[in-house]
Amino acid sequence: MENASKALIIAGAILLSISIIGIGMYVFQQASDAMSGANMDREKIAAYNGDFERYGDLQSGTQVRALCDLVRTHNSAAKNDASQKIAVIEGSAEAITTPPAEGDTSTTPAGINAIKRTKQQSKLYNVDFGYDAQTGFIVAVGITEAP
């Protein structure tokens with residue numbers, strides 16, 4: 001009788017240990033899934049912004065015109081989703097933290113082409129970006145003539 005009760009205690013301890021290990025593995029797996037999802041978001045943001053950010057800082061007029069073409073093409077591809085459009089503006093865009101409004105002329109091909117036409121190939125321009133405060137995606141490109 002005494003041996004049987006000890007065997008039941010040992011069996012209970014083994015079942016409890018297996019349960020604790022299983023719960024630990026489940027928690028670890030959930031945490032690693034959450035971490036890989038966060039890394040994927042950062043990679044997605046970097047990939048999205050990377051095409052535009054290579055035109056940042058001091059650029060020639062030719063590069064600025066190429067950036068305008070890139071943004072115009074991007075906006076044409078995102079024509080059904082206003083939150084994915086990028087505005088091109090004269091001046092600094094650093095203070096812009098929200099996507100452009102629906103119908104904003106700075107996101108239309110005509111509006112972007114109007115700014116592009118004013119950029120001379122032989123001049124230098126400072127290019128900066130406005131980022132969406134919630135997603136981290138570029139929402140505006142600011143172009144100012146360098147002194």
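The values are calculated or read from the model by the stated rules, or taken from the named source; none is laboratory data. Predicted model, so just to flag it, every value in this text is computed and none were measured. When we count neighbours, we look across all protein chains shown, and the Cβ atoms used for this are built from the backbone with ideal geometry, even at glycine.
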Based on this model, can you work out whether VAL88 counts as outside the structural domain of TYR125 (by TED's automatic domain parsing) and out of contact with any Pro (no Cβ under 8 Å at 6 or more places or on another chain)? no
Could you list all residues from the stretch 46-69 that are aliphatic (A, V, I, L, M), surrounded by 13 or more Cβ atoms within 10 Å (Cβ to Cβ) and in contact (Cβ under 8 Å) with a residue 12 or more places away in the chain? VAL64, LEU67
Considering each of ALA87, ALA34, ALA77 in turn, give the residue that is at pLDDT below 85 and small (Gly, Ala, Ser). ALA34
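Here is a yes/no grid of residues against (1) touching a residue at least 24 places away in the same chain (Cβ under 8 Å); (2) of a type in the set (Asp, Glu); (3) under 20 Å from ALA66 (Cβ atoms); (4) part of a loop (DSSP other than H, G, I, E, B):
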| residue | (1), (2), (3), (4) |
| --- | --- |
| ASN80 | no, no, no, yes |
| VAL88 | yes, no, yes, no |
| ALA93 | yes, no, yes, yes |
| THR98 | yes, no, no, yes |
| ALA101 | no, no, no, yes |
| GLY111 | no, no, yes, no |
| GLY130 | yes, no, yes, no |
| GLY136 | yes, no, no, yes |
